[in-house]
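Notes follow the structure.
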Amino acid sequence: MSLIDHLLELRNRLLKVVLAVLICFAAIYPFANDLYLWLSQPLRDLLPEGQMMIATDVTSPFFAPLKLALTLSVFAAIPYILFQIWSFIAPGLYKHEKKLAFPLLFSSVVLFYLGAVFAYFVVFPLVFGFFTTIGPEGISEMPDINSYLTFVLKMFFAFGVAFEIPIAVILMILAGITTPADLAAKRPYVVVGCFIIGMLLTPPDIISQTLLAVPMWILFELGILFGRMAYRQTADDTEADA
């Protein structure tokens with residue numbers, strides 16, 4: 001294919017991605033208000049009796065659910081988006097690369113969703129429980145709906161990316177940047193780094209920090225384990241192709 005043909009194909013796939021997001025948005029938006037109530041449930045359950053979330057901007061009651069619906073549309077379309085990426089790059093890959101690329105793409109989607117689920121069901125109750133009890137007496141807890149949405153979306157993204165550690169480890173090994181043995185030798189530094197990241201992304205209490213750091217450490221170990229398997233498989237396939 002010529003450069004123009006590649007650009008045309010890329011344009012067509014981008015249009016398909018945009019169309020998929022719009023279709024998801026059309027399906028999700030009618031339930032945007034209900035979805036926002038569900039998303040804010042972990043915080044609303046912990047607010048003192050008689051207190052509630054508020055909108056400090058005139059447009060917030062409209063734009064906050066709209067922003068949530070659009071973000072969820074992108075999240076929902078991620079499998080299709082990655083399929084389009086796979087379809088675009090697959091013709092240029094070797095046989096042994098194709099065997100690894102699709103499982104990695106699929107695993108990255110699953111891990112990202114697992115990170116978001118972990119944040120909602122495990123981290124949010126602890127985080128909001130901490131924030132709603134630490135304030136000085138006489139201060140009413142009335143979180144703004146737009147600020148809350150921005151906060152939780154950042155948390156979803158942070159935990160989703162953190163759960164991609166095994167994929168990052170495997171890709172570094174396959175790219176020749178490092179080896180499973182080198183990563184295993186750096187395990188103490190990685191453990192310290194996990195707790196530092198946990199400290200930066202969670203409230204300053206040991207429980208929530210540990211709830212992020214320990215899964216990151218476990219995922220790193222899984223990345224080394226599967227990285228060893230992929231490393232051996234790639235070496236065998238390369239020799240077979242040769």
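The values are calculated or read from the model by the stated rules, or taken from the named source; none is laboratory data. Owing to the predicted nature of the structure, the values given are computational and were not obtained by experimental measurement. Backbone-built Cβ (ideal geometry, glycine too); neighbour counts: all protein chains shown. Heavy atoms of the whole protein, side chains included, go into the accessibility calculation; ligands, DNA and RNA do not. Shrake-Rupley method; radii C 1.70, N 1.55, O 1.52, S 1.80 Å.
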Label V192 and L105 with points 7 Å out from Cα along Cα→Cβ: what is the distance between them in nm?
-> 3.9
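Starting from 0.36 nm per residue, how many nanometres of slack lie between Y113 and L35 once their C-alpha separation is accounted for?
26.4 nm
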Rg/Rh over Cα atoms for the stretch 13-78, Kirkwood Rh, comes to 1.10
So what's the net charge close to V152: Lys and Arg +1, Asp and Glu -1, counting the other residues with Cβ under 15 Å from its Cβ?
-> +1
So, over other residues within a Cβ distance under 14 Å of L37, counting Lys, Arg +1 and Asp, Glu -1, the net charge is -1
Whole-number D in µm² s⁻¹ for the stretch 63-123, Kirkwood Cα-pair radius fed into Stokes-Einstein, 4 °C, 1.567 mPa s = 97
Mind checking Rg over Rh on the chain, alpha carbons, Kirkwood formula for Rh?
-> 1.05
Quick one: pull the percent of accessible area on the chain belonging to carbon and sulfur, 1.4 Å probe, ligands and nucleic acids left out.
-> 73
Hey, which lysines would be in cross-link range of K186, C-alpha to C-alpha under 20 Å, not counting anything within fewer than 8 residues on its own chain?
-> none
Counting only protein heavy atoms and leaving out ligands, DNA and RNA, the solvent-accessible surface of W217 at a 1.4 Å probe, in Å² to the nearest 10, equals 100
Rounded to the nearest 10 Å², the accessible area of I23 at probe 1.4 Å = 110
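Sorted by accessible area with a 1.4 angstrom probe, largest first, how do D34, D144, D57 fall? It would help to have the intermediate numbers written out before the result.
On the way: D34 100, D144 25, D57 80 Å².
Final ranking, largest accessible area leading: D34, D57, D144.
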Averaged per residue, the 1.4 Å probe accessible area of the chain, protein heavy atoms only, in Å², is roughly 58
If r is the Cβ-Cβ distance from I134 to R13 and R0 is 45 Å, what FRET efficiency results, to the nearest 0.05?
-> 0.40
What's the longest bit of the chain with no exposed GluC sites (Glu not before Pro), using DSSP loop states and at most 11 other Cβ atoms within 10 Å as the test?
-> 138-242
If one compares the long axis through the Cα atoms of helix 124-134 with the longest principal axis of the Cα atoms of the chain, the angle in degrees, nearest 10, works out at 40
